[in-house]
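Here's the structure, in structure tokens; my notes come after.
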Amino acid sequence: MDCCSPGDSSFDRQFDARHAADHLRAYREKGPVGTTRALIDALAAGAYMAVAREEAERQGHADRVHYLAGDFVDLADAVDPADLVALDRVICCYEDMAALVG
């Protein structure tokens, strides 16, 4: 039996009731984090991207639209200049608002 098998004392100490309660409390306060949050965000982004593509095609604009998914600050160098940028989220809570609006 290895150290990560149920029934092994180190496994039981690592994933005991206190550990589970701590994680539940953190989840209730902050919601999902880490890889769970990344997975949820990726799935949500994919769904919205699919719907956006469908709508652009319906309106006859599919050939004029380019999609990028991710943090705009991280992607800014890959975004071509535009006459108009619409933000549909609250930007004041973004961790680096100056970089976002810059």
Look through Leu75, Leu87 and report the one residue that is modelled with pLDDT under 85 and either on the phi < 0 side of the Ramachandran plot or of a type outside the set (Gly, Ala, Ser) (or both).
Leu87
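Out of the residues in the stretch 54-77 that are charged (D, E, K, R) and within 29 Å of Asp96 (Cα to Cα), which is least open to solvent (accessible area, probe 1.4 Å)? Break it down into steps so the answer makes sense when it comes.
Narrowing the stretch 54-77 to residues charged (D, E, K, R): 54-55, 57-58, 63-64, 71, 74, 77.
If we keep only those that are within 29 Å of Asp96 (Cα to Cα) too, we end up with 71, 74, 77.
On the way: Asp71: 56, Asp74: 124, Asp77: 159 Å².
Applying the filter and picking the extreme gives Asp71.
The values are calculated or read from the model by the stated rules, or taken from the named source; none is laboratory data. The structure presented is a predicted model; accordingly, all values stated were derived computationally and were not measured. The area values use the complete protein model at the heavy-atom level, side chains included, leaving out ligands, DNA and RNA. Shrake-Rupley method; radii C 1.70, N 1.55, O 1.52, S 1.80 Å.
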